[in-house]
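Some notes on the structure that comes next.
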Amino acid sequence: MRFSTRAIHVGSEPDATGAVNPPVYLTSTFSQRAQSEFVYGRTANPTRRALERNLAALEDAKHGLSFSSGMGAVTTILTLLKKGDHVVLSDDTYGGVYRIFTQIWSNYGVECDFVDAANAANVEDAVKENTRMIWMESPTNPLMKVVDLGATAKIARAAGAISVMDNTFASPYLQSPLALGYDLVLHSTTKYLGGHADVLGGAVLTSNRELFEKLKFAQNALGATPSPFDCFLILRGTKTLAVRMERHCDNAEALAEWLGGHRSVSRVLYPGLKDHPNHRIAAKQMRRFGGMMSFVLRSSAKAKSILKRLEVVTLAESLGGVESLIEHPASMTHGSIPKPEREKRGISDGLLRFSVGIEDVEDLREDLDRALRA
């Protein structure tokens, strides 16, 4: 089956009653008189199992685990590390990942280095004898850098390290990290997979049986599991992922070109633009260029006032929903990163991150133009 068909049907096969959608199994425990597959709600649930099968199919993975949040998935992956291990991460990464590595996991003896992974040689140079994991995002958050997935997966294999790709920005519709050599794919299913800004969730997909068993054990032990209803909402979201992503891409491509010529904007960061430093790599490993972009204002002092003047585009954190969202990374999603470190990475006070929704593109253009010109 092709992607759109898998998205609709895998995990949603009619059951014995003929129900077209999987039931929401709202139970904390299961009778074991006639079955032993399901024991306790934290360990497994039929609705969750349906979602995990669906997500695994979308990433062409053999195994899937769903979580109560993206950070729940992150925390569970980190149980694969131990004291003295070293991790190489892309320097432009989600603020919550930066926070958990630098302020929590560092207390348990895990070392890490953040590098500009847009150049794969930087990743290779950062590898040490004790490197046990290479953790990448692509496109990155919020600077939209593109990482060469094939090259960095090869570096991880050579080092004997586990490779982790956060595929949230691209979604499985646009990019397939496992096919390019990655061991684990991570998603905040809150974003494009859920697609409607009404549920929190996370997922890890893999074809490595050993890693899957370790993560499944840790998930059950830690308890970062989603509710059956949350699983139902995300499974409902994946059914329309393909059609939504096409519209996200259409709108983002048009707006990136337009913003690039706006007098209030000094730079647009979008992999689909030919002047993007890694445009060729993005074109090689992505089917289209996604609905996420960032742009830099000529006057950083006007950033917050511009954001408050928007009427169609909503000022809010998160991304990947049907509605357009815009935010100020320096004071919002990446505010936990110390200012000197933020500025060194290029997260300036004039940088805005834009999650382009599926509204009429002309309404979005008019709203942005009105706010930028005022």
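No lab work stands behind these numbers, since they all come straight from the coordinates. Everything quoted here is computed from the prediction, not taken from an experiment. Methodologically, a virtual Cβ is constructed for each residue, glycine included, from the backbone with ideal geometry; neighbour enumeration extends over all protein chains shown.
Key figures for this structure:
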| read-out | value |
| --- | --- |
| Viscosity 1.306 mPa s, 10 °C: Kirkwood-radius Stokes-Einstein D of the stretch 63-171 over Cα pairs, µm²/s | 114 µm²/s |
| Ascending count of other beta-carbon atoms within 10 Å, so fewest first, for 286, 245 | 286, 245 |
| Cβ crowding within 10 Å averaged over residues, with 31-42, 67-78, 292-303 ranked highest first | 67-78, 292-303, 31-42 |
| In Hz, Karplus ³J(HN,Hα) per residue of the stretch 149-166 (6.51, -1.76, 1.60; θ = phi - 60°; x = Gly, Pro) | 5, x, 5, 6, 5, 5, 4, 4, 4, 5, 8, x, 9, 6, 9, 10, 10, 7 |
| Antiparallel DSSP beta bridges within the chain, as percent of all bridges there, nearest 5 | 55 percent |
| Sequence of 82, 304, 274 once ranked by neighbouring C-beta atoms within 10 Å, starting from the fewest | 274, 82, 304 |
| Neighbour-count ranking [beta-carbon atoms within 10 angstrom, fewest first] of 59, 362, 111 | 362, 111, 59 |
| Solution diffusion estimate, µm²/s, Stokes-Einstein, the stretch 301-357, Kirkwood Rh from C-alpha pairs, 20 °C, viscosity 1.002 mPa s | 182 µm²/s |
| Relative packing of peptides 325-338, 133-146 - highest average C-beta neighbours within 10 Å first | 133-146, 325-338 |
| Normalised alpha carbon radius of gyration of the chain [divisor 2.2 N^0.38 Å] | 0.98 |
| Acute angle (nearest 10 degrees) that the helix 361-373 long axis makes with the longest principal axis of the chain, alpha-carbon atoms | 50 degrees |
| Candidate aspartates and glutamates for bridging to residue 339, where Cα separation is under 16 Å - those fewer than 8 sequence places away on the same chain excluded | 91, 92, 349 |
| From the C-alpha gyration tensor of the stretch 241-373, square roots of 5λ in Å | 22, 18, 15 |
| Order by protection proxy (mean Cβ within 10 Å, highest first), peptides 260-270, 157-167 | 157-167, 260-270 |
| HN-Hα J in Hz across the stretch 139-148 - Karplus 6.51, -1.76, 1.60, θ = phi - 60°, x for Gly and Pro | x, 8, 10, x, 8, 6, 5, 10, 9, 6 |
| Within the chain: Cβ-based charge dipole about Cα centre, in debye rounded to nearest 20 (Lys, Arg +1; Asp, Glu -1) | 260 debye |
